[in-house]
Each structure stands twice: as C-alpha cells, then as structure tokens.
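The values are calculated or read from the model by the stated rules, or taken from the named source; none is laboratory data. Please read these numbers as outputs of a predicted model, since none were measured by experiment. Please note: Cβ atoms are built from the backbone with ideal geometry, for glycine as well, and neighbour counts cover all protein chains shown. Note: areas computed on protein heavy atoms with side chains; ligands, DNA, RNA excluded. Shrake-Rupley method; radii C 1.70, N 1.55, O 1.52, S 1.80 Å.
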Amino acid sequence: MGSGYTELFEEVDKLVDEFDVTAETLQAGVDLFIELAQKGLSGDSDEHGLPMIPTYVTSIPDGSEKGVLLAADLGGTNFRVCSVTLNGDHTFNLIQQKSPIPIDLMSGTSDELFSYLASKVVAFVKEHHEEETKSLDHKFKLGFTFSFPVDQTSLNSGSLMRWTKGFDIPDCVGKDVVALLQNHLDEQKCPVQVSALANDTVGTLLARSYTGSNKEGTTVIGCIFGTGTNGAYNEKLENIKKLDPAVVESLKKKGVTHMVINTEWGSFDNALKVLPTSKYDTIVDSLTSNKGFHMFEKRVSGMFLGEILRQILIDLHSRGLLLKQYSTYDSLPHRLRTPWDLSSEVLSLIEIDDSTKLKATELQLNQTLRLPTTPEERLAIQKLTRAVSRRSAYLAAIPIAALLTLTESFKGHHVEVDVGADGSVVEFYPGFRTMMRDAVALTQLGSKGERRLHINIAKDGSSVGAALCALSE
Ligand code: GLC
C-alpha cells in the first residue's frame with residue numbers, strides 16, 4: 001500500500017463496521033415489521049406507519065387465464081406500454097415499448113405527466129394494434145401499473161397518497177390516477193379502457209403465480225428491488241381489520257377469502273427504531289422530496305445506493321483522506337458533486353472488479369464521474385461499495401422473513417415457499433440475492449427456513465400482472 005493511506009483505511013474499516021448488519025438487528029427488524037404490519041392492517045397507525053394497503057385483488061391466477069390485454073407500467077425510471085397475450089398454459093407473449101421518463105416531467109404538473117403517458121399508449125396502439133381497433137366494437141382493456149403508494153378504493157380507482165423515488169408533482173397527490181390516465185386517453189381519442197390499477201409488487205405476485213411457481217412452492221410474496229423497493233402478499237380477509245365491514249360481508253358472500261395487500265415496505269420503520277442510520281443516510285434523506293418517509297427504501301433500493309456512496313466519498317475528501325489532488329470541494333469533478341449522479345449500475349461493476357489494481361473500476365470512475373483515482377483509493381472505494389450493498393441486501397431480508405412468519409408460510413412438513421422478485425437490483429446486482437439469503441438464515445427463520453425459500457425473478461412481472469388484473473375485472 002502506498003504511503004499516506006493508513007488513515008484512510010482506518011476510516012474505511014470503521015465505516016465497514018458501521019454498515020455491518022448483525023443477526024440481532026435483523027431479528028429485531030423482523031419483530032418490529034410484524035408489529036407494524038399488524039397495526040397497519042388494523043388501521044391503527046398514523047401516516048408514518050406501515051401503509052398495508054388493501055388492493056381489491058381477491059384471486060390469484062393459476063395459469064389457465066387467457067386473453068390479449070394492454071398494460072401500462074409507470075415505474076421509477078421508465079414507462080412501459082405492452083400488449084400481453086396470456087396463452088392459458090402458464091406462458092405469455094409480450095410486445096413492449098419502453099421509454100425513460102423525462103426528468104422534467106417528474107416534478108411538473110399531473111396534466112403534463114399523464115398527457116405524456118397517454119401519448120405513449122396512443123403511439124403503441126397505433127403501431128401494434130391499429131387494424132384491431134378499426135374492427136373492434138369495444139375498447140381495449142388496460143391494466144395500469146402505478147408503482148407509488150395509492151389508497152385504493154376499488155380495483156380500478158385509487159388516489160395517490162404521496163410520491164416516492166424522486167417524483168414530486170404536488171397537484172397529483174390525492175387525485176385518482178386511473179381517472180387522470182383515462183381522461184387523457186379519452187382526450188387523445190384512444191380506444192382504451194383503464195380497467196385495473198395495480199402496484200408493481202402486486203403485478204409481480206400475480207405474474208409469478210400465473211407462470212407456475214408451483215414446482216417450487218406457492219408464491220407467497222411479490223417484491224421489487226429496483227429504483228424503489230416494496231412487497232405484496234395475500235392476506236386473510238378477517239385479518240384486514242381496517243376494511244369496511246360492509247365490503248368484507250359482500251366479498252364473503254361471493255366466496256372471497258383473501259385480498260392482496262400492498263405493504264409499501266419502503267416505509268418500514270420510518271421512526272428509525274431498528275434501522276441503522278449513518279450520518280450519510282441523514283443527508284440522503286434531506287435531499288429527497290419525501291423526507292422522513294420510505295426510510296427503509298432509502299437504505300435498500302437502487303436509487304439510493306449510489307448516493308450513499310457519493311456522500312461517503314465527499315465526506316472522506318473533506319476530511320483530507322481521499323482524492324487529495326483536489327484541494328477544495330469546488331474543485332472536485334462536477335459529476336461527483338452532483339446528487340444522484342452515481343448510479344447503482346456503477347456500484348455493481350465496482351463490486352465485482354477483480355482486475356489488477358482495479359483497472360475496471362478506474363475506467364468506470366473515469367467514464368461516469370470523470371474521476372481519476374489511485375489504486376489505493378479504488379481499493380477503499382470498492383470496500384465502501386461492498387459495505388453499502390451488503391447492508392442493503394441484509395436489510396432486504398427483514399420484510400421477507402417477517403411476511404413469511406406473519407403468514408405462517410412454513411407451517412407443515414417439507415413446505416417450500418416461492419418469492420417472486422423483479423427490479424434491477426435483485427436481477428442484476430452481483431451477489432444481491434445470495435447476500436439476502438445469507439441474512440434470511442440469520443433471522444428467526446434460520447437456515448432451515450432459508451433452505452426452503454426460493455427467490456425467483458419474475459421477469460416483466462409488473463406488466464404481466466397488471467394485465468392479469470385487467471382480465472379479472
Ligand atoms: C416505491 C413505491 C412503491 C413501489 C416501489 C417499487 O417504494 O412507493 O409503490 O412498489 O417503489 O417500485
């Protein structure tokens with residue numbers, strides 16, 4: 001190691017320790033999650049509690065569903081329009097068009113955003129279904145995946161509770177997002193009926209159930225680890241105490257026993273009773289538009305991992321430990337000074353770099369941040385990257401273990417359980433799923449539970465699931 005780096009590595013080791021998540025923290029997290037989930041289901045928590053939103057999805061597909069449906073999927077980074085053909089044999093075909101959401105639309109007005117979304121649906125229908133629309137005497141059914149917390153009042157209506165993942169369009173809060181999309185589609189004379197509204201996690205749960213997870217046990221949870229993080233599961237009607245008793249009665253008369261709950265686990269432990277909080281987490285939260293909310297998400301999901309690391313690097317620089325060639329903050333490369341400019345994709349490349357003197361990391365940092373580094377600095381950055389990602393993957397085990405416990409999913413001999421997951425982090429971040437499993441083994445479920453747990457990628461799950469919702473309407 002070159003001279004002058006002893007202090008840097010001492011500090012890095014301290015941070016690595018600080019970012020370590022112990023079995024004790026994980027177990028306390030599982031207990032707290034169960035407590036907050038039960039409070040959320042009974043309607044006994046304030047706006048900072050765990051939302052536990054009833055979705056009005058009351059049946060889980062078995063793979064025999066058939067039809068051609070449209071799906072529109074507003075995630076955190078992209079908007080996708082697809083047509084989904086459900087073949088009725090656990091398989092589907094999908095045509096999709098994906099467009100990145102323009103940054104300025106994320107903080108403009110709801111009319112600007114929804115008119116843009118509608119125009120993308122119009123273009124898609126024109127390109128792929130023009131002939132059918134001429135001959136059809138009815139409108140196409142569309143399932144709308146809207147991946148933000150929505151207070152749902154029925155399968156096809158719900159008002160936005162608050163924005164997450166960097167969106168900030170105040171006039172949209174409290175409005176029915178289905179009506180917003182429908183109005184703009186009607187204005188643009190698009191022959192499409194928005195017939196279901198689904199969170200991406202609900203879509204993932206349904207899609208994974210459709211594609212036949214049965215080989216590896218029943219699908220209990222649908223979850224996303226991407227720009228944001230969240231999970232949905234199927235809950236017994238009688239446990240959802242906050243549902244209007246009249247609604248419960250009428251559902252029971254129809255033979256309904258369960259309803260899918262969108263937990264919005266991004267907001268787990270907003271009070272920070274168990275979640276580890278470094279000074280960098282506090283700064284990152286202060287940079288967001290939903291301060292004090294989604295505190296779990298801000299430690300776990302893709303949107304935040306790069307920003308946490310960026311804050312650490314800036315801090316180490318300000319203390320004269322790193323990037324010493326830059327004498328002041330203002331002389332640092334512009335991109336390193338720009339919040340949110342360090343993406344989790346870059347972290348994923350640093351994570352697995354085993355080249356001599358971390359040459360691949362050097363290239364990445366040069367290309368993405370215009371940041372030259374010494375081999376020692378790169379080694380420090382790699383250690384820090386691994387600390388941030390490991391903390392994320394370990395914390396990710398908390399809601400999974402808690403929901404499997406809450407639903408008593410492992411009751412009975414030899415029961416195997418399937419969790420359907422989607423999102424860039426769980427799909428592409430090297431080792432994320434393995435680290436998450438290691439952490440599940442440290443929770444109350446132990447290694448026995450971990451061995452019986454299957455975490456599978458539900459590719460395109462959120463869109464396919466919305467189509468399944470639209471079909472059931
Ligand atoms: C955020 C949203 C949530 C969504 C998740 C994953 O947490 O609030 O609704 O499911 O991101 O996209």
Legend entry - Given (1) over 16 Å from A71 (Cβ atoms); (2) among the acidic types (D, E); (3) part of a helix (DSSP H, G or I), index of the condition E127 fails: (1)
Legend entry - Test: R378 is among the basic types (K, R) and surrounded by fewer than 19 Cβ atoms within 10 Å (Cβ to Cβ): no
Inset, instruction - Please enumerate the residues belonging to the stretch 289-301 that are open to solvent by 10 Å² or more (accessible area, probe 1.4 Å) and not basic (K, R). - result: S289, N290, G292, F293, M295
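Inside the stretch 289-305, can you point out the residues that are touching a residue at least 40 places away in the same chain (Cβ under 8 Å) and within 12 Å of the ligand (Cβ to nearest atom)?
N290, F293, H294, F296, E297, V300, S301, G302, M303
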Inset, instruction - Kindly list, by first and then second residue, each pair from a residue in the stretch 369-393 that is among the hydrophobic types (A, V, I, L, M, F, W, C) to a residue that is assigned to a loop (DSSP other than H, G, I, E, B), limited to pairs with Cβ atoms under 6 Å and residues at least 6 apart or on different chains. - result: L369/P333; L371/P333; A387/F19
Inset, instruction - Give the residues of the stretch 127-151 that are within 16 Å of the ligand (Cβ to nearest atom) and among the charged types (D, E, K, R), sorted by residue number. - result: D151
Legend entry - Members of the stretch 199-235 found to be within 11 Å of the ligand (Cβ to nearest atom) and assigned to a strand (DSSP E or B), listed by number: G222, C223, I224, F225, T229, N230, G231, A232
Inset, instruction - Being crowded, with 24+ Cβ neighbours inside 10 Å and modelled with pLDDT of 95 or more narrows it down to one of T282, T219, T277, T229, so name that one. - result: T229
Inset, instruction - Take the stretch 52-63 and flag every residue that is open to solvent by 20 Å² or more (accessible area, probe 1.4 Å) and either out of contact with any strand residue (DSSP E or B) (no Cβ under 9 Å at 6 or more places or on another chain) or under 21 Å from T153 (Cβ atoms) (or both). - result: Y56, T58, S59, D62
Legend entry - Criterion violated by A470 - all others in (1) free of Cβ contacts under 8 Å to residues at least 12 places away in the same chain; (2) open to solvent by less than 30 Å² (accessible area, probe 1.4 Å); (3) of a type outside the set (K, R) satisfied: (1)
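Residue-wise test of (1) modelled with pLDDT of 95 or more; (2) assigned by the TED database to the domain that holds L113.
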residue: F9; (1), (2): yes, no
residue: V12; (1), (2): yes, no
residue: D17; (1), (2): yes, no
residue: A23; (1), (2): yes, no
residue: L32; (1), (2): yes, no
residue: L41; (1), (2): yes, no
residue: A71; (1), (2): yes, yes
residue: T77; (1), (2): no, yes
Inset, instruction - Determine which member of the set V440, V417, V388 is touching a strand residue (DSSP E or B) at 6+ places or on another chain (Cβ under 6 Å), more than 16 Å from the ligand (Cβ to nearest atom) and in the same structural domain as G222 (by the TED database). - result: V417
Inset, instruction - Give the stretch 170-198 a look and list any residue that's away from the ligand (no atom under 14 Å from the Cβ) and assigned to a loop (DSSP other than H, G, I, E, B), or say none. - result: G174, K175, Q188, K189, C190, P191
Inset, instruction - Those residues that are open to solvent by less than 10 Å² (accessible area, probe 1.4 Å), over 20 Å from D46 (Cβ atoms) and either within 11 Å of the ligand (Cβ to nearest atom) or assigned to a helix (DSSP H, G or I) (or both), I need them from the stretch 159-169; list them, please. - result: F167
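When only residues in the stretch 236-246 that are in a helix (DSSP H, G or I) and of a type outside the set (A, V, I, L, M) count, which is farthest from the ligand (Cβ to nearest atom)?
Among them, the one singled out is P245.
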Inset, instruction - Those residues that are crowded, with 24+ Cβ neighbours inside 10 Å and over 10 Å from the mean Cα position of the chain (by Cα), I need them from the stretch 200-212; list them, please. - result: V202, G203, T204, L205, L206, A207, R208, S209, Y210
